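This is the structure, below, for whatever I ask next.
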Amino acid sequence: MKYFYLLLVASSFVNAQTNQELLLNNTWRFVGYDYECWGGGLIDPTEFGTVTLDFYEENDLVCFHSQMCASMDGTIENLTDSFIEFKNLNITGDYCSNEMNGFYEECYSSTFANMFHYEITENTDGSLNLTMDNEIFMGITFTTQPLSTQ
């Protein structure tokens, strides 16, 4: 029984390490929100291209970078195998000039001031999805899946 308990604790530790490694070792492409943010309207992706979220280590901190039109950087705190907290958001540059894009960008950037439950799942093609949600804000999804060529 002791061996089983030790194995269970060890596997939990490995899973926590694996999730952090997956976060750090992938470029995550923004897929979308689980609701319409501030309402409907079309986003014009030609203004900002593919939106990515990158995690990296610097000075013993886990940090993040993302960009729509403005650049968003900050730190990660309270990173566990299932929770992630974005802190110290620093926005540089200008928000998107297209009004609807600007609304979505403000909604997107507000993501980076919250704590989320997160889950990383594997798709049948081997790519990964990163889904983050919390009870007071929203859900947001990223993927490592390659862009469609259509």
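Go through 19-31, 116-128 and give me the packing order, highest mean Cβ count within 10 Å leading.
Listed from highest to lowest mean packing, they are 19-31, 116-128.
Can you compute the modelled spin-label distance between E21 and L79, with each label point 7 Å from Cα toward Cβ, in nm?
Placing both labels 7 Å beyond Cα along the Cβ direction yields 1.4 nm.
Mind ranking 71-80, 54-63, 104-113 by how tightly packed they are, going by the mean number of other C-beta atoms within 10 angstrom, highest first?
Result, highest mean Cβ count within 10 Å first: 104-113, 71-80, 54-63.
Rounded to whole Å and sorted largest first, list the principal axis extents of the Cα atoms in segment 42-150.
37, 35, 30
Still on this structure: Which FRET efficiency value, to the nearest 0.05, is calculated for D54 and D94 with the Förster distance at 30 angstrom and r the Cβ-Cβ distance?
The calculated FRET efficiency here is 0.90.
Readers should treat all values here as calculations from the given coordinates under stated rules, not as data from a laboratory. Note that the structure is a prediction, hence the values are computed from the model and not measured. Cβ atoms come from the backbone with ideal geometry, glycine included; neighbour counts cover every protein chain shown.
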